[in-house]
Amino acid sequence: MAVAATIAIFSASSVSAQTTGTTPTIKVITPGENQTIYGNKIPILFAVENLQLTDFQKTTAAAKGQGHIHVWLDESSPTKDSARKVIEDNTTYSDVPYGEHTLRAELVGNNHASLTPSVVVTIKFKSAPTASPSPAVTSGFDKNTALVILVVVALVIVAAWWYTKEEDEMPEASQKPKSVKKKTSRKKARK
C-alpha cells in the first residue's frame with residue numbers, strides 16, 4: 001500500500017511539473033538540419049516537452065499546459081490561418097516538389113495564440129527524387145557463367161549435327177563400295 005501511495009504521489013508531481021513552471025520546448029527530429037529526404041513525401045517528427053498536445057479548441061481562454069503545433073512548409077509569411085495544425089508528435093507532407101525547403105514549427109496554446117515567450121523552431125532541408133533501384137538479381141549466374149553455358153550449348157548442337165551428318169553419309173558410303181565393285185568388275189570384263 002505504501003508503494004502504491006508513493007507511485008501516486010510521484011505521478012501527480014510529474015504531471016504538475018509538466019504543466020506548471022516548466023518552459024515548453026519543441027525540436028524537429030526528422031528531417032534534420034540540411035538533411036536530404038528522398039521522395040516527395042516528407043515525414044516530420046517532433047519532440048515536444050512540457051506541453052500536452054491536445055485537440056485545439058476555438059475558445060479565447062487558453063488552458064495552461066495544453067496546446068498544439070502550428071507547422072509551415074516554405075511559407076514566406078506564416079500566419080495562424082495558413083498553418084497546419086498538428087496535435088500529435090508527427091505529420092507528413094505529400095507531393096512536395098524537389099528542392100530546398102524551410103520548415104517552421106511553433107508551439108501554441110489550444111486557442112491558437114503563441115506561447116509567452118514564443119517557442120519556435122526553423123530548419124532547412126532538401127528533397128530529391130529517389131534513385132532508380134538497380135535491377136534485382138534474378139539468378140546466381142554472372143556474365144562469365146552465362147557465356148560458358150552458351151559455349152557448351154553451342155558445342156552440343158555442333159556435336160549433334162556432326163553425329164547426324166555421319167549417319168546421313170553412311171548409306172552413301174555403303175553405296176560407294178558397290179559402285180567401286182562394279183567398276184572393278186567392268187575392268188575385269190574388259191581385260
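Things worth noting here:
- Among residues other than His101 with Cβ under 9 Å from its Cβ, the summed charge is 0 (Lys and Arg +1, Asp and Glu -1).
- GluC sites (Glu not before Pro) within the stretch 47-107: DSSP coil, no more than 13 neighbouring Cβ in 10 Å: Glu88
- The stretch 24-128 shape via C-alpha gyration tensor axes, a/c threshold 1.5: prolate
- For the stretch 142-154, the Karplus equation 6.51 cos²θ - 1.76 cosθ + 1.60, evaluated at θ = phi - 60°, returns couplings of 9, 5, 5, 4, 4, 5, 4, 4, 4, 5, 4, 5, 4 Hz by residue, with Gly and Pro reported as x.
- For Ser77 and Val156, the difference between the fully extended length at 0.36 nm per residue and the C-alpha to C-alpha distance is 20.8 nm.
Where a number appears in this text, it was derived from the coordinates with a stated rule and is not lab data. This one's a predicted model, so the numbers in the text were calculated from it and none came from an experiment. Note that each Cβ is placed from the backbone with ideal geometry, even for glycine, and that neighbours are counted across all protein chains shown.
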